[in-house]
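The values are calculated or read from the model by the stated rules, or taken from the named source; none is laboratory data. Predicted model only: the values in this text are computed from it and were never measured. Methodologically, a virtual Cβ is constructed for each residue, glycine included, from the backbone with ideal geometry; neighbour enumeration extends over all protein chains shown.
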Amino acid sequence: MPPKHAWWQRLAERASQPPARPRRPLLIDGVHLPVGSIEPALTERLREAGLPLRLNATGSERLVGRPDAGLEAVALWMNKHGVGGRWRDELLPVTDEEGARHAVVERSAVRPLGIATFAVHLIGFTPRGDVWVQQRALDKATDPGQWDTLMGGMVAASESRSSALERETWEEAGLRVAALQALQPARRVTVRRPVSEGYMVEHIDAFEAVVPDGMTPQNQDGEVERFECLAPPALIERLAAGQFTLEAALLLAASLRARGLV
């Protein structure tokens, strides 16, 4: 018989999966480390459209010319032809495998191009140790209706982790970071897995804080269906039932384990 909480042991496996189809490393001029990956079928379409992609002798794809301009042209073409997510008019940083930043790219293009994204999540406890969670809006493009941490969002190219944390905490939960108690960085996790738009590589920085009594999360941007405050046993039950996004489940399970609750 499997252990009672064997569900959390499977989370790491789900968070580290190879692409569903073969992909080639994606490079940009002047950078020797990949900044992403791309399926050969997509590169052929991009080349046929006259976009500046060249196949290297090593089997990698290189975007030639100024990277910002080239990535913008690729993103516009993909948006026109229904490749990737919906256009967000939001720029994200483009980094190599060592984390050095080299360019920016429209958010809708990152998954087809296998470009790593950065996100922040907030795990909110009550003074008694219960946990605030949110149900994602039913019309969200990704994981609609699933449960999530109190707040989670991407770090834009113009932001630091701290500024993204402040912005997203207000937009999603209507809370000011300065009003929270015992705010501290908790951990970083990285998720690598296939998604419908391509391949996801996301580095997630989790923070933990105490939401004071009398302070109730209230969504501001329409991306949250509702909030609930769960005691650890109820949270564990929902995690085990698969009701949370993979990213939230990883982070919440880690916090519960750190407290000896799982």
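Only one of the listed residues (142, 149) is in the same structural domain as residue 207 (by TED's automatic domain parsing) and buried (at least 21 other Cβ atoms within 10 Å of the Cβ). That residue is 149. Among all residue pairs at least 6 apart or on different chains, which show Cβ distances below 9 Å where the first residue, located in region 230-253, is at pLDDT below 95 and the second is crowded, with 19+ Cβ neighbours inside 10 Å and of a type in the set (D, E, K, R)? Pairs found: none. The set of residues in region 168-196 that are part of a helix (DSSP H, G or I) and either on the phi > 0 side of the Ramachandran plot or in contact (Cβ under 8 Å) with a residue 40 or more places away in the chain (or both) comprises 168, 169, 170, 171, 172, 173.
Inspect region 48-57 for any residue being under 28 Å from the mean Cα position of the chain (by Cα) and assigned to a strand (DSSP E or B) and give the result as yes or no. Yes, the conditions are met somewhere in region 48-57. Tell me, please, whether a residue that is over 23 Å from the mean Cα position of the chain (by Cα) and either outside the structural domain of residue 80 (by TED's automatic domain parsing) or not β-branched (Val, Ile, Thr) (or both) can be found in region 7-22. The answer is no, given that none of the residues of region 7-22 is over 23 Å from the mean Cα position of the chain (by Cα) and either outside the structural domain of residue 80 (by TED's automatic domain parsing) or not β-branched (Val, Ile, Thr) (or both).
Within region 104-117, at least one residue is farther than 25 Å from residue 184 by Cα, of a type in the set (Lys, Arg), in contact with a strand residue (DSSP E or B) (Cβ under 8 Å, 6 or more places away or on another chain) and in a helix (DSSP H, G or I).
Determine whether residue 90 is charged (D, E, K, R), at pLDDT 95 or above, in contact with a Lys or Arg (Cβ under 9 Å, 6 or more places away or on another chain) and buried (at least 16 other Cβ atoms within 10 Å of the Cβ). Answer is no for this residue.
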